[in-house]
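In what follows, a single structure is set out as structure tokens and then discussed.
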Amino acid sequence: MTEANTESNSAAPMIRMQAVNKHFGPLHVLKDIELEVPRGQVVIVLGPSGSGKSTLCRSINRLETIDSGVIEVDGKALPAEGKALARLRADVGMVFQQFNLFAHKSIVDNVLLAPVKVRKVSQSEARKTAMELLERVGIANQADKYPAQLSGGQQQRAAIARALAMRPKVMLFDEPTSALDPEMVQEVLDVMTSLAKEGMTMLVVTHEMGFARRAADRVIFMSDGEIVEDSTPDEFFTAPKSGRAKDFLAKIL
Ligand code: ADP
Ligand code: MG
């Protein structure tokens, strides 16, 4: 289902952030961030609340503008606005804690809307792809329902299908299971795990440590707007280097 999005500059890392800084008023929320994510890598972003994890994600698809530095996706700098920005957003799928589905549209219409509008895919082609994606995330039988008729886990799987419908090169997940009842967490993590196995480049902010250990190629630990550790999951969970990471792990494990 995820046919490769073929237009790529394969020598470049999929995500590159160089000397990225971001302030909210007096608050310095991203401090000289340096990050390169090779294609196909699954990066888990950990860190205490307020450390800048969401801002990092949001800056990658320009939901937040940065004050200085460079952000490139697949070798291309972030365009400021207009059509180029819409195209870049299409390359970067994002799934949030809140599912943000359109309440007045059916599930299948939620999934096919952006491909028709932004990628100019025909309605019938988009519907076919949308149904394949819903099949893939296990909710094809819910296609004609409205979001409110689905469980939280089903809505989040619909949100993932909607992001995938744009055939993104990268998927960003910002605490995708944090708003779910516990019994629905696994079904969403399962979809994410299968995406990772298919080779999707992913940046995932999550507190699901079991998932982080199993699915991650790499763990980034943020604190106060900085990347404090950048290591393998094994290294991070068994031998964190910094005091801040040790404190964080002591609280959550
Ligand atoms: P995290 O996702 O790690 O909890 P965030 O990136 O959401 O952290 O926030 C980092 C810091 O920036 C926090 O102190 C937060 O209060 C602040 N912040 C986030 N968004 C805004 C905003 N739109 N305006 C002002 N401050 C913000
Ligand atoms: Mg956050």
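The values are calculated or read from the model by the stated rules, or taken from the named source; none is laboratory data. Model, not experiment: these values are computed from the prediction. Every residue, glycine among them, receives a Cβ derived from its backbone with ideal geometry; neighbour counts consider all protein chains shown. For the accessible areas, the whole protein counts, side chains as well, though only heavy atoms, and no ligand, DNA or RNA atoms are used. Shrake-Rupley method; radii C 1.70, N 1.55, O 1.52, S 1.80 Å.
Some observations on this one:
- Lys pairs, segment 112-253 - Cα-Cα below 27 angstrom, 8 or more residues apart or on other chains: 11
- Beta bridges from DSSP with both residues in the chain: antiparallel share about 55 percent, rounded to the nearest 5.
- Efficiency of FRET between GLN123 and MET209 - r from beta-carbon atoms, R0 41 angstrom, step 0.05: 0.45
- Over segment 144-253, the hull volume per residue, using the convex hull of the C-alpha atoms, is 124 Å³.
- C-alpha long axis of helix 107-117 to longest principal axis of the chain, angle in °: 80
- Entry comment: accessible area of segment 150-253 is 39 Å² per residue, from protein heavy atoms only and a probe of 1.4 Å.
- J(HN,Hα) series, segment 227-244, from Karplus relation 6.51 cos²θ - 1.76 cosθ + 1.60, nearest Hz, glycine and proline x: 7, 8, 9, 8, 8, 6, x, 4, 4, 5, 7, 9, 9, x, 8, 8, x, 5
- Segment 1-157 shape via C-alpha gyration tensor axes, a/c threshold 1.5: prolate
- Of all DSSP beta bridges in segment 135-253, antiparallel share, percent nearest 5: 50
- Computed from label points 7 Å out along Cα-Cβ, the spacing between ALA11 and ALA148 is 5.5 nm.
- Each Cα pair under 8 Å and six or more residues apart adds its sequence gap; the mean of these over the residue count of segment 4-85 is a relative contact order of 38 percent.
- Range of Cα positions in segment 190-238 per principal axis (Å), largest first: 31, 22, 17
- Whole-number D in µm² s⁻¹ for segment 36-122, Kirkwood Cα-pair radius fed into Stokes-Einstein, 4 °C, 1.567 mPa s: 85
- Neighbour-limited loop hits for GluC sites (Glu not before Pro), segment 32-116 (at most 12 other Cβ within 10 Å; DSSP other than H, G, I, E, B): GLU81
- Relative to the dominant Cα principal axis of the chain, helix 123-136 is inclined by about 60°.
- Between helix 82-91 and the chain: long-axis angle, C-alpha atoms, 0 to 90°, nearest 10: 80
- Sparse-neighbour loop sites [trypsin sites (Lys or Arg not before Pro); segment 103-163; at most 10 other C-beta within 10 Å; DSSP]: LYS120
- Note on the chain: helix-only mean residue ellipticity at 222 nm, from DSSP H runs of 4+ residues weighted -39500 (n - 2.57) and normalised by residue number, equals -11000 deg cm²/dmol.
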